[in-house]
Amino acid sequence: MSKMLRTAVIFLGMALAPISARAHCDAADGPVATAAVRALDTRKVNLILPFAPARAEPELRAVFDQALNVRKQGPDAKALADRYFMETAVRLHRAGEGAPYTGLKPAGTDFGPAIPAAEEALETGKRDALTALMTEQVSHGIAERYREAMAHQAASREPTAHAGVAKARDRVSAELAFIGYVEGIHLAAKGEMHVEAATTQEHHHGAE
């Protein structure tokens with residue numbers, strides 16, 4: 001693979017990495033914040049511990065105990081304690097992913113159709129709708145980039161002397177974008193760009 005193509009694949013890989021899924025974990029109604037509140041409501045810290053790496057457990061436990069104590073001081077204190085504990089849990093979760101924490105995103109933030117479809121598949125035990133959605137999205141993405149690449153090929157077949165290099169450059173860019181998109185999907189399907197899996201494994205094994 002040429003250096004230019006490798007560069008295109010790397011940039012595509014960054015685009016295809018599960019950024020939305022990680023951002024979803026930053027939402028006030030995302031899985032981490034929801035688990036944090038559930039842990040406080042039930043006084044069961046084990047409900048939130050799986051969302052943070054093992055090295056963060058002491059801090060998470062300490063803030064959990066603090067939040068429970070502050071909650072007893074009234075509705076306003078409870079709201080502040082809940083917010084602080086949610087932020088702490090999300091921050092530690094993001095740190096376990098090697099990602100920065102930029103604050104809780106508002107509840108109801110739209111992260112697109114893939115995340116809700118994935119969550120529904122997990123909740124219902126049925127993945128057919130998710131598979132159909134992803135198949136459609138991938139098919140559409142390939143078709144769109146293929147059409148663009150072929151259009152640039154046709155436009156560069158009879159270039160003028162003045163515009164020849166510019167048209168050829170556009171053709172190369174479109175072709176690399178198409179090939180890189182396909183390669184990126186292939187790598188993602190193999191799990192080579194899925195950082196969440198490594199994080200989950202760290203949580204289960206208690207890696208430091």
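The values are calculated or read from the model by the stated rules, or taken from the named source; none is laboratory data. Note that the coordinates shown come from a computational prediction; the quantities given were computed from them, not determined experimentally. Every residue, glycine as well, gets a Cβ built from its backbone with ideal geometry; the counts of neighbours run over all protein chains shown.
In the stretch 100-157, the residue that is farthest from Ala89 (Cα to Cα) out of those that are of a type in the set (S, T, N, Q) and either outside any helix (DSSP H, G or I) or touching a residue at least 40 places away in the same chain (Cβ under 8 Å) (or both) is Ser156. In the set (1) β-branched (Val, Ile, Thr); (2) in the same structural domain as Val32 (by TED's automatic domain parsing); (3) buried (at least 16 other Cβ atoms within 10 Å of the Cβ), the condition left unmet by Ile185 is number (2).
Thr42: within 19 Å of Pro116 (Cβ to Cβ) and of a type in the set (Ser, Thr, Tyr), yes or no? Against the criterion (within 19 Å of Pro116 (Cβ to Cβ) and of a type in the set (Ser, Thr, Tyr)), Thr42 does not qualify. Among the residues of the stretch 152-204, those that are in contact with a helix residue (DSSP H, G or I) (Cβ under 7 Å, 6 or more places away or on another chain), at pLDDT 80 or above and over 19 Å from Thr135 (Cα atoms) comprise His152, Gln153, Lys167, Asp170, Arg171, Ala174, Glu175, Leu176, Ala177.
Of all residues in the stretch 110-120, none are under 15 Å from the mean Cα position of the chain (by Cα) and at pLDDT 90 or above.
So which of Arg43, Arg61, Arg83, Arg38 is out of contact with any strand residue (DSSP E or B) (no Cβ under 8 Å at 6 or more places or on another chain), at pLDDT 90 or above, at positive phi and surrounded by fewer than 18 Cβ atoms within 10 Å (Cβ to Cβ)?
Going through Arg43, Arg61, Arg83, Arg38 in turn, the sole match is Arg43.
Listed by first and then second residue, the pairs linking a residue in the stretch 164-183 that is over 8 Å from Ala149 (Cβ atoms) to a residue that is at pLDDT 90 or above and of a type outside the set (Gly, Ala, Ser), with Cβ atoms under 6 Å apart and 6 or more places separating them unless they lie on different chains, are Tyr181/Arg145.
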